[in-house]
Amino acid sequence: MKDKYEADHSRVPQRVMVATESFPLEAFDYWMGALDHPYVVGDFVWTAFDYIGEASIGWRGYWQGHDFYPWTLAYCGDIDTCGWKRPQSFYRDALWKKDQVSVFVKPPRPSFEPNPKRQSWSKWHWFDVVPDWNWKGYENKPLEVNVYSSCEEVELFLNGRSLGRKPTNRSTEYTAKWDVPYQAGVLTAVGYDAGKRAGSAELRSAGEPKRVALSADRARVKADGQDLSYVTVELVDARGVRNPKAENLVKFTLEGPGTIVGVGSANPVSTESYQQPRRKAWQGRCLVVVKSDRRAGGIRLRASTEGLAPAEVLIDAGAP
């Protein structure tokens, strides 16, 4: 990338450049190219939001085949189809912003079946890492922990015990890695600038799911027949910690002046309906989209799954 920028600048010095459809795996190189060259204004990332189609270019890659089924999503977005950030989006935070810290774990087995025939130029994927510290059956076995940070250095703690500090700067591509023998509990990454704590992130082991938890991004909508509220559905343990292994089927009912217009989970291999009032959780959560009609009043959404305490959320539809 640097060679291409510099060669073209020598050829046409007055030219202003921008990269288009940059790959997640090359995010560091693209952004350093923008920082180092004032005639480079940045890059257009492929892609911001994940989408239906081009199935599995973000995992199995090219060339695609019929045996990719049941993959339905491209799985290459920085943000998934439910609007939740994926690991590469947190990595870009470390490239773009100060005092950022995030922590992810490489699963002991691949999250999905790998494709040994993926072409070397097919780079729309990201590393196989997840925000998950629940690995029952792997006690005391080493797991690779990745920390993305724009702080000068980061320190990793497991259940309060320091596992050491490592630099996170341009020379490390703003990433630090540890091999950590798995023990349930709390994995915490702390970032430091000039020796002072500047940011942190943690992963907590969850117990078995005990209840459904609902959170609406907007508790009040306009009664105009168009306004939307996005409700996050989580399966949490007795302490309120989401269990990322939970995949329960969650059913929804709605009362009041509104309708359920969409459901999702961001699971790239799900073939479930996006419109029926039910969805299996993936990584311990799913999403419901509620639309107002033209009547004012309270919209009550209820979520339930077998064996867990249900939950309700009230959304107020007011005059536009």
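The values are calculated or read from the model by the stated rules, or taken from the named source; none is laboratory data. Remember, predicted model here, so these are calculated numbers, not experimental data. We place every Cβ from the backbone using ideal geometry, glycine too, and count neighbours over all the protein chains shown. Heavy atoms of the whole protein, side chains included, go into the accessibility calculation; ligands, DNA and RNA do not. Shrake-Rupley method; radii C 1.70, N 1.55, O 1.52, S 1.80 Å.
A few points about this structure:
- Once the 1.4 Å probe is applied to the protein heavy atoms, region 87-137 comes out at 54 Å² accessible per residue.
- Kirkwood Rh in Å, taken over all unlike Cα pairs in region 172-246: 16.2 Å
- The heavy atoms of LYS123 offer some 60 square angstrom of accessible surface to a 1.4 angstrom probe.
- Per residue, in Å², the accessible surface of region 7-54 once ligands and nucleic acids are set aside, probe 1.4 Å: 57 Å²
- For TRP96, solvent-accessible area (1.4 Å; no DNA, RNA or ligand), Å²: 130 Å²
- The simple spin-label model puts a point 7 Å past each Cα toward its Cβ; for GLU173 and VAL16 those points are separated by 3.0 nm.
- Region 1-85, Rg to Rh (Cα coordinates; Rh as Kirkwood inverse mean 1/r): 1.11
- Whole-number D in µm² s⁻¹ for region 52-121, Kirkwood Cα-pair radius fed into Stokes-Einstein, 25 °C, 0.890 mPa s: 177 µm²/s
- Inter-label distance for LYS222 and LYS166, nm, one decimal - labels placed 7 Å from Cα along Cα-to-Cβ: 4.9 nm
- Segment ARG294..ASP36, full-extension length gain: 87.5 nm, with 0.36 nm per residue of separation and the alpha-carbon distance subtracted.
- For region 53-106, with all protein chains in place and a probe radius of 1.4 Å, 55% of the accessible heavy-atom surface sits on carbon or sulfur.
- Within straight-line cross-link reach of LYS166, lysines at Cα separation under 21 Å, skipping those fewer than 8 residues along the same chain: LYS97, LYS98, LYS106, LYS177, LYS196
- Rounded to the nearest 20, the Cβ-based charge dipole of the chain about its Cα centre (Lys and Arg +1, Asp and Glu -1) stands at 640 debye.
- Gaussian network model of the chain, springs between alpha carbon atoms under 10 Å - residue of PHE68, PHE104, PHE90 with greatest fluctuation: PHE68
- Extension gain from VAL261 to GLU54, taking 0.36 nm per residue of separation minus the Cα-Cα distance: 72.1 nm
- Cα lying deepest toward the dipole's positive end in the chain, options TRP31, GLY284, SER171, charges on Cβ: GLY284
- Semi-axis lengths, largest first, of the ellipsoid equivalent to region 40-183 are 28, 21, 13 Å, with √(5λ) applied to each eigenvalue of the Cα gyration tensor.
- Average projection area in nm² (convex hull over Cα atoms of region 110-238, one quarter of hull surface): 13.4 nm²
- Debye-sum result for the chain in log10 I(q)/I(0), which assumes one identical scatterer on each alpha carbon, at q = 0.08, 0.09, 0.12, 0.13 Å⁻¹: -0.45, -0.57, -0.97, -1.10
- Å² per residue, accessible surface of region 211-320 at 1.4 Å: 48 Å²
- Accessible area of region 148-189 belonging to carbon and sulfur atoms, whole % at 1.4 Å probe: 47 percent
- Most mobile of LYS222, LYS196, LYS251 in a GNM of the chain (Cα contacts under 10 Å): LYS196
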